[in-house]
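Peer 1: Please see the structure below; I have some questions.
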Amino acid sequence: MDTILVLDFGGQYCHLISRRVRDLGVFSEILPYDSNISKIMKVNPKGIILSGGPASVYENDSPMLADEVFHKLLDSRIPILGICYGHHLIIHKMKGIIKSKSQKEYGKTILYKSNSPLLLEGLGEEEIVWMSHGDQVEKLPEEFKIYAYTNTCPIASYGNEKKNLFGVQFHPEVTNTPKGNLVLENFILKIANCRKEWKLENWIENSINNIKETVADGKRVILGLSGGVDSSVTAVLLHRAIGDRLHCIFVNNGLLRKNEEQTVQKVFKEDLDFKNFHYVDAEHLFLTKLSDVTDPEDKRKIIGHSFIEVFEDETIRLEKQYPDIEFLAQGTIYPDRVETSATSKVSAKIKSHHNLTLPDDMTLIIIEPLKDLYKDEVRKIGLQLGLPERIIERHPFPGPGLAVRCIGEISKERLDTLREADHILMEEIRIAGLYKELWQVFCVYLPVKSVGIMGDFRTYDNICAIRAVESRDAMTANFAKIDWDVLEKISTRIINEVKGFNRVVYDISNKPPSTIEFE
Ligand code: XMP
């Protein structure tokens, strides 16, 4: 399949570039900037995009493309497009001049075309583009032409058609550059001549065939199903390929939202007719191990270890019954695997706490059918495979569940109180039509007593905090400015209907500096 390779120079937009390319119908992959030439050639790219990045080409430790790699790429004549830092890097490598500017240019600006190159075909003489840079190209090497400029940046886009090298100072991948897609499309389809082969329908068919081939001869697969989007889509895909040779293990750790275990069981056992759905009620074990534990990281460790213990026991039990179990499926998706400098912090954290780390002596073969997909692609596939929207649109839910939303000590009583309040919150958020536009929304149990008055009685009870955030990827998030009337209704219902809370507060902190979760 025709592939565009994105080399990552540390820009926050690396995954965005790759997603845009895929949206245009062409497969794309990301590799770190210091990948060697054989790794790059293994991808067999038809075009290469050098991403942006915060560094400056003249800094000692700036991410560089090794000379050997650059010259091999030049020899191969694979078209290369540099974006922002990548735009400087090409010129630096070709012995042009980059100038450091003390003042950064950040925001929307007007781009003027200086001629009509293929790269900018379809753009008007003046277009709005998004800039974010300090350095800029001052002098082009021989054979390079200026394609466009802005009032402050004389070389905002260039090309060397003979050598197949192109650059844009602005960011075509962000929506703040309204015609940015056109620039990427020109590069991918007209300059790199890629065919539009990346279609999810084809992907589904291929993936099902691959699974059938891999899991042949009556072999069976185990999958830890949490009910989240990734594991649910992995489940339906595998089920489509191998039917009831798929065994899903769903662990109720006692830290789930209200009715979660019933909802997930209903969807998979009744609606989707999964015959081998194994429900394990481990609430007692988890809550016993968590009693008296207050430190958030200790909570996470205990939950992670207990999960493995329960999952392993259930797997061993099933293996005795079904000796053909040979595979373990995981819902790993592309951003979990490819840690760009921008995502590594978040994904590393999620991985250490959430993803299953298998004991060394487990001999099952891992299969990860979604490992090349982005979340929005996973969602589309899930819908096509018949998963209900309610599962597909789910907000992320942390592996340690309500344990990190119940501050301090955890008890069944506290969790039940939190579950009731959280249930009301979700109900009202859905009624108000806000669920889809929020990234995450949840209640937090704050074990802080304050005074209230209910009828003729004074109360002395705990505080329920509401957190609702808007985000694109959880790396940054803003608190949602939910309508006061909706918040008032939620607060009134929680205080009236939930025993244990007599006060509701709304969290108005953004990330950074605050995190999304409280613990
Ligand atoms: P923070 O709180 O770091 O969260 O802003 C970012 C995203 O990660 C989720 N999160 C977790 N997910 N295990 C998980 O599986 C965890 O321990 C964990 N902690 C935070 C959080 O819900 C948000 O989507």
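No lab work stands behind these numbers, since they all come straight from the coordinates. Everything quoted here is computed from the prediction, not taken from an experiment. Note that each Cβ is placed from the backbone with ideal geometry, even for glycine, and that neighbours are counted across all protein chains shown.
Peer 1: Any idea what angle helix 344-353 forms with the longest principal axis of the chain, computed on alpha-carbon atoms, 0 to 90 degrees, nearest 10?
Peer 2: The angle comes out at about 30 degrees.
Peer 1: Could I ask something else about it? Quick one: if you stick a label point 7 Å off each Cα along the C-beta vector at residue 270 and residue 457, how many nm between them?
Peer 2: It is 3.7 nm.
Peer 1: Let me know the shape class of region 148-261, please: from the alpha-carbon gyration tensor, a ≥ b ≥ c as square roots of the eigenvalues, rounded when a/c is under 1.5, otherwise prolate if a/b is greater than b/c, or oblate. Write out the running numbers ahead of the final one.
Peer 2: Values: a/c = 4.73, a/b = 2.08, b/c = 2.28.
Oblate, because a/c is 1.5 or more while a/b does not exceed b/c.
Peer 1: Additional query: Residues with beta-carbon under 15 Å from that of residue 158, excluding residue 158: net charge, scoring Lys, Arg +1 and Asp, Glu -1?
Peer 2: +3
Peer 1: Just to be sure I understand the curve: with the Debye formula and one point per C-alpha of region 357-432, what is log10 I(q)/I(0) at q = 0.19, 0.22 Å⁻¹?
Peer 2: -1.00, -1.04
Peer 1: Scale the Cα Rg of region 378-519 by the rule-of-thumb value 2.2 N^0.38 Å and send over the ratio, two decimals. Could the numbers behind the result be given before it?
Peer 2: Working: Rg = 16.0 Å, N = 142, 2.2 N^0.38 = 14.5 Å.
The reported ratio for this selection is 1.10.
Peer 1: If the limit is 24 Å between Cα atoms, which of 42/95; 275/299; 42/99; 113/139; 299/320; 95/190 go over it? Kindly include the intermediate steps, with their values, before the conclusion.
Peer 2: Numbers: 42/95 28 Å; 275/299 34 Å; 42/99 35 Å; 113/139 18 Å; 299/320 32 Å; 95/190 27 Å.
42/95; 275/299; 42/99; 299/320; 95/190, as the Cα separations exceed 24 Å there.
Peer 1: Please give me the summed charge of the neighbours of residue 454: other residues whose Cβ is under 15 Å from its Cβ, Lys and Arg +1, Asp and Glu -1.
Peer 2: Spelling it out: positives minus negatives among the neighbours equals +2.
Peer 1: Which three numbers, in whole Å and largest first, are the semi-axes of the equivalent ellipsoid of region 196-329 derived from its Cα gyration tensor as √(5λ)?
Peer 2: Equivalent ellipsoid semi-axes, largest first: 30, 17, 14 Å.
Peer 1: Net charge near residue 79: determine it from the other residues with C-beta under 11 Å of the C-beta of residue 79, scoring Lys and Arg +1 and Asp and Glu -1.
Peer 2: Values: positive: 46, 77, 163, 190; negative: 161.
Charge balance in the 11 Å sphere: +3.
Peer 1: Helix 375-384 sits at what angle to the longest principal axis of the chain, using alpha carbons and giving 0 to 90 degrees rounded to 10?
Peer 2: On a 0 to 90 degree scale, this one is about 70.
Peer 1: Specify whether the C-alpha gyration tensor of region 1-47 places it in the rounded, prolate or oblate class, a ≥ b ≥ c being the square roots of the eigenvalues: rounded for a/c under 1.5, otherwise prolate if a/b is larger than b/c and oblate if not.
Peer 2: The shape class here is oblate.
Peer 1: Name the trypsin sites (Lys or Arg not before Pro) in region 254-325 that are in a loop by DSSP and that have at most 15 other C-beta atoms within 10 Å, would you?
Peer 2: 275
Peer 1: Restricting attention to region 1-86, which trypsin sites (Lys or Arg not before Pro) occupy a DSSP loop and are surrounded by at most 13 other Cβ atoms within 10 Å? Walk me through the intermediate numbers first.
Peer 2: Values: sites: 19, 20, 22, 39, 42, 46, 72, 77; in loops: 46, 77.
Within region 1-86, the qualifying trypsin sites (Lys or Arg not before Pro) (loop, at most 13 other Cβ atoms within 10 Å) are 77.
Peer 1: How would region 3-191 be classified by its alpha-carbon gyration tensor: rounded, prolate or oblate, with rounded meaning a/c under 1.5 and the a/b versus b/c comparison settling the rest? Before the final figure, lay out each step's value.
Peer 2: Values: a/c = 1.38, a/b = 1.16, b/c = 1.19.
Verdict is rounded for region 3-191.
Peer 1: A further question follows. If R₀ is 51 angstrom, what is the calculated FRET efficiency for the pair residue 118 and residue 284, using the beta carbon separation as r and rounding to 0.05? It would help to have the intermediate numbers written out before the result.
Peer 2: Numbers: r = 66 Å, r/R0 = 1.30.
The pair residue 118/residue 284 has a calculated efficiency of 0.15.
Peer 1: Could you give the length gained by full extension between residue 292 and residue 435, i.e. 0.36 nm per residue of separation minus their alpha carbon distance, to one decimal place?
Peer 2: Length gained, residue 292 through residue 435: 48.1 nm.
Peer 1: Give the share of C-alpha pairs in each 20 angstrom bin for the chain, from 0 to the last occupied bin, in whole percents, shortest bins first.
Peer 2: 20, 45, 30, 5, 0
Peer 1: Relative to the longest principal axis of the chain, what angle (0 to 90°, nearest 10) does the C-alpha long axis of helix 412-431 take?
Peer 2: Between the helix axis and the principal axis of the chain, the angle is about 50 degrees.
Peer 1: Continuing with the same structure: Loop-only check: which trypsin sites (Lys or Arg not before Pro) in region 408-484 are DSSP coil with at most 16 other Cβ within 10 angstrom?
Peer 2: Filter output for region 408-484: 436, 472, 481.
Peer 1: Given R₀ = 51 Å, what would the calculated FRET efficiency be for residue 29 paired with residue 145, taking r from the Cβ atoms and rounding to 0.05?
Peer 2: 0.95
Peer 1: Suppose a student asked you for the relative contact order of region 200-392, using Cα pairs under 8 Å spaced at least 6 residues apart; what percent would you report?
Peer 2: Once normalised by length, the contact order is 28 percent.
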